[in-house]
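Inspection log for the structure reproduced underneath, given as structure tokens.
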Amino acid sequence: MAPPKARRKSSARGNDVRSLKRKRDVEDLEKLQQQVENLDPKSTQITDFSDLPLSHPTARGIEASHFKTLTDIQAKSIPLALKGKDILGAAKTGSGKTLSFLVPVLENLYRQKWTELDGLGALIISPTRELAIQIFDVLRKIGRYHTFSAGLIIGGRSSEEERKSVGRMNILVCTPGRMLQHMDQTAAFETDNLQMLVMDEADRTMDMGFQSAVDAIVEHLPKKRQTMLFSATQTKKVSDLARLSLRDAEYVSVHEAAASATPATLQQYYVLTPLPEKLDTLFSFIKSNLKAKIIVFLSSGKQVRFVYESFRHLQPGIPLMHLHGRQKQAARLDITSKFSASKNSCVFATDVVARGLDFPAVDWVIQLDCPEDADTYIHRVGRTARYERAGKAVLFLDPSEEEGMLKVLEQKKVPIQMTKPRQKKQQSIKNQLQNMCFQDPELKYLGQKAFSCYTKSIYIQKHKDIFNLSSYDLEGYAASMGLPGAPKIKFLKGDDSKKIKNAPRAMLSSDVESEAEEGSKKPKKGEVRTKYDRMFERRNQDVLSGHYSKMIAEDEPEKADDGLVDADEDKDFLSVKRVLSVDGDSSEDDEEAAAGPAARVIEGIGRAPIVIDSKRKEKLLKSKKKLLKLKEKGQKLVFDDDGVPHQMYELEDEAAFHERGPIEAQRAKFLEEETARTKQADVDDKQLAKDKKRQKREKKKAREAAERDGIDEDVAPQLVDTGEDPLALLASLPLDGEEEEAPAPAAKRPKRWFEDASDEETKAPKKKKRRVIEAEDEPETLEDLEALAAGLLQ
Ligand code: ADP
Ligand code: MG
């Protein structure tokens with residue numbers, strides 16, 4: 001490692017100092033290497049970070065971050081990892097797993113003298129953006145004295161610059177979908193050199209939701225590397241280990257022998273609350289814990305939004321927040337940091353924050369909706385009682401869930417005891433909710449969505465012995481939300497229920513309802529639609545309630561980002577719980593995925609982040625494509641007999657023009673020809689219009705006849721369809737040389753208030769069928785009145 005002679009320009013003295021330092025560095029490094037080799041993880045007693053053979057930059061970074069003694073998992077796994085072993089690390093929530101992999105990442109690259117030129121050395125995969133950000137923050141803290149470049153690749157944003165810088169990163173923290181996108185699309189991105197792959201919350205990153213993305217990422221990586229998997233609910237599934245080509249990995253578990261799977265400092269309770277009492281109990285609980293920091297878990301984003309919106313109106317006296325995967329990334333970040341910083345507040349959240357997040361000093365974790373399984377339970381309650389702190393958790397159970405849930409919790413060694421809400425403090429908010437829903441149709445609409453989301457989430461649960469939809473008091477639940485009756489649930493009627501039940505979740509997740517369409521209301525197959533839904537849709541389309549549009553808008557933009565689906569989807573059906581990736585489908589929390597743009601790179605430890613807006617870029621990309629399409633069309637040329645190409649319209653040679661006679665005569669002749677042509681066209685047009693009118697009349701008659709026979713009761717659309725459409729004529733004007741063409745397709749008409757894309761005339765019979773499915777038994781007078789009114793407004 002002698003310095004190159006050619007560069008010796010500075011003073012001889014400065015040079016000596018430098019080469020001396022370099023020599024010392026080399027010696028230090030060799031010493032460190034030796035120490036690591038000599039390290040015997042089994043026999044050495046290691047309690048403090050200072051007992052470990054660590055480089056100066058890491059040791060200083062750890063000290064500056066005020067870490068001194070190692071936690072159990074750190075003491076067990078770091079020595080092995082320093083020696084290059086593959087690790088399967090299992091330790092309770094909040095026990096310090098993050099440092100268990102970050103320290104070895106820094107050290108092992110350091111000892112290999114990794115530089116910017118070596119490219120990507122370590123890749124850390126997280127199932128959610130928030131967790132990735134948190135890991136990245138810890139990396140920046142303890143890695144502040146290193147010179148590695150490190151980046152964050154998560155959904156939500158993107159840019160060309162990111163693309164450029166991603167190739168220069170030594171360490172990347174990422175979510176799977178977005179990472180894969182870069183591997184596929186960024187040419188300068190070399191992964192051949194990679195030394196270490198880390199998966200945090202490994203059981204989650206390895207599960208179905210991320211399977212295809214993770215597999216594809218791993219395919220890009222060299223087989224010979226160090227792999228480390230960490231989770232509080234680690235699995236040793238052989239198939240997973242094979243997928244990652246783990247080489248005789250060390251299984252490091254610090255709680256396997258422990259009495260419980262949850263932290264000893266965590267007190268866990270459950271309350272038996274029949275579904276209709278749930279909101280009352282929650283509200284009463286919050287009211288009597290106004291000085292606490294509380295996380296409330298719900299099963300879907302819709303549930304989160306409804307409870308958040310309604311409780312906000314009730315002003316319990318504690319700051320309320322809400323978090324779910326369909327919020328804009330910026331809002332999500334803002335809320336997570338606000339909640340982190342707050343002393344007393346209550347956040348309603350989906351499982352998007354169930355894993356890994358280290359909010360400081362959370363007092364209570366409330367599970368309002370029962371978790372889908374014991375692992376989810378363990379991760380949710382793990383948001384409190386972290387690193388030796390105390391914490392409390394309450395699980396709300398419907399009596400029908402009690403037996404089954406307690407059984408699976410016991411199997412997983414979760415100590416939980418029953419408690420009862422204090423009757424004295426119990427208050428009912430049913431009347432208030434009812435009033436609010438009555439006065440605020442948007443809230444009611446949200447409530448209906450939340451209700452159907454909840455029921456669907458129960459319906460698709462895999463633990464059928466815990467969740468049995470027929471044993472819940474759904475009517476009572478709807479009433480407790482302030483809804484006028486439970487929205488009808490189509491899948492309960494049974495026609496396609498079997499299909500839903502048997503379909504793999506991955507498939508279910510994909511197409512049932514894409515959130516973005518929520519605003520436009522085009523019902524899809526399998527969606528539960530009620531009369532109320534339709535009523536409110538109309539209102540939203542025409543009367544345009546600003547507040548409601550905002551509520552909806554808040555959620556929609558995320559859609560484009562998603563590729564994979566993650567756990568807590570709030571897309572109605574399937575998204576309610578964990579959802580799985582379907583190629584090209586949208587997801588939520590890892591979100592990003594292939595199609596989804598969006599990433600954010602922060603270059604260089606300790607340096608300011610470069611943030612780029614991905615959506616804009618994506619749009620640009622799209623429009624460029626469009627542009628390309630246009631360009632590729634090229635020009636239409638005509639060839640003459642000699643094969644010489646000409647433009648379609650070429651300026652005539654002046655001499656040739658004069659040859660054909662005097663200008664005036666030519667003009668008169670041209671006018672005459674054109675007049676005759678338009679006359680003929682007029683006649684054709686009139687005939688066409690007549691035909692159309694006749695067709696419409698016939699259709700109307702047929703419909704009326706059918707109606708008299710009681711076949712179709714859907715009156716509203718006819719009201720408009722019968723009248724002559726003034727635009728029909730325009731739309732049906734034949735183009736030159738197309739006189740024989742059929743009347744222009746109805747699609748050219750502007751859409752009317754009741755229409756959606758499938759409402760075109762041509763598809764009328766289909767529409768009829770769909771309507772029949774949706775229709776409720778109740779009389780539709782109000783709706784019809786509304787329809788009429790809206791028609792008149794138009
Ligand atoms: P896990 O990933 O196991 O859930 P984290 O790595 O998020 O846990 O750590 C939980 C908390 O414990 C964090 O706030 C972290 O700063 C703290 N922590 C981790 N290791 C130590 C340590 N050795 N000493 C003190 N605090 C630690
Ligand atoms: Mg963690």
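Observations, loosely collected:
- Counting only helices (runs of 4 or more DSSP H) that sit wholly inside the stretch 100-202, those with at least 2 residues that are within 16 Å of ligand 1 (Cβ to nearest atom) and touching a residue at least 12 places away in the same chain (Cβ under 8 Å) are 129-142.
- Reported count of residues in the stretch 20-39, each being without any contact (Cβ under 8 Å) to a residue 12 or more places away in the chain, hydrophobic (A, V, I, L, M, F, W, C) and open to solvent by less than 90 Å² (accessible area, probe 1.4 Å), is 0.
- Residues in the stretch 80-94 that are within 16 Å of ligand 2 (Cβ to nearest atom) and either touching a His at 6+ places or on another chain (Cβ under 8 Å) or assigned to a helix (DSSP H, G or I) (or both): ALA81, ALA90, ALA91, LYS92, THR93.
- Answer residue from the stretch 367-377, given it is of a type in the set (A, V, I, L, M, F, W, C) and surrounded by fewer than 24 Cβ atoms within 10 Å (Cβ to Cβ) and is nearest to PRO263 (Cα to Cα) among those: ALA374
- The set of residues in the stretch 401-415 that are touching a helix residue (DSSP H, G or I) at 6+ places or on another chain (Cβ under 6 Å) and in contact (Cβ under 8 Å) with a residue 60 or more places away in the chain contains only LYS412.
- Residue check for ASP48: acidic (Asp, Glu), under 27 Å from GLU250 (Cβ atoms) and either in contact with a Cys (Cβ under 7 Å, 6 or more places away or on another chain) or within 16 Å of ligand 2 (Cβ to nearest atom) (or both): no
- For the stretch 56-99, taking the residues that are open to solvent by 40 Å² or more (accessible area, probe 1.4 Å) and away from ligand 1 (no atom under 11 Å from the Cβ), the one that is farthest from the chain's Cα centre (by Cα) is identified as HIS56.
- Looking only at the stretch 413-458, and only at residues there that are closer than 19 Å to VAL394 by Cα and of a type in the set (S, T, N, Q), the one that is most open to solvent (accessible area, probe 1.4 Å): GLN423
- The set of residues in the stretch 203-212 that are buried (at least 23 other Cβ atoms within 10 Å of the Cβ) and within 16 Å of ligand 1 (Cβ to nearest atom) comprises ARG204, THR205.
- Considering the stretch 449-504, and only residues there that are modelled with pLDDT of 95 or more and among the acidic types (Asp, Glu), the residue that is nearest to ASP369 (Cα to Cα) turns out to be ASP473.
Here is a yes/no grid of residues against (1) touching a Lys or Arg at 6+ places or on another chain (Cβ under 6 Å); (2) within 10 Å of ligand 1 (Cβ to nearest atom); (3) in a strand (DSSP E or B); (4) touching a residue at least 60 places away in the same chain (Cβ under 8 Å):
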residue	(1), (2), (3), (4)
VAL347	no, no, yes, no
VAL362	yes, no, no, yes
CYS370	no, no, no, yes
ARG383	no, yes, no, yes
ARG389	no, yes, no, yes
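- Residues of the stretch 30-74 that are under 29 Å from THR93 (Cβ atoms) and aliphatic (A, V, I, L, M): LEU39, ILE46, LEU52, LEU54, ALA59, ILE62, ALA64, LEU70, ILE73.
- Residue in the stretch 284-303 that is open to solvent by 10 Å² or more (accessible area, probe 1.4 Å), of a type outside the set (D, E, K, R) and free of Cβ contacts under 8 Å to residues at least 12 places away in the same chain present: no
- Filter result for ALA349 (of a type in the set (A, V, I, L, M, F, W, C) and modelled with pLDDT of 95 or more): yes
- The stretch 35-55, subset aliphatic (A, V, I, L, M) and more than 41 Å from the chain's Cα centre (by Cα), residue nearest to ligand 1 (Cβ to nearest atom): ILE46
- Check on ASP86, among the charged types (D, E, K, R) and over 28 Å from LEU241 (Cα atoms): no
The values are calculated or read from the model by the stated rules, or taken from the named source; none is laboratory data. Keep in mind that this is a model prediction, so the values were computed, not measured. Neighbour counts are summed over all protein chains in view; Cβ atoms, including those assigned to glycine, are modelled from backbone coordinates with ideal geometry. The protein model used for the area step is the full one, side chains on, heavy atoms only, and it has no ligands, DNA or RNA in it. Shrake-Rupley method; radii C 1.70, N 1.55, O 1.52, S 1.80 Å.
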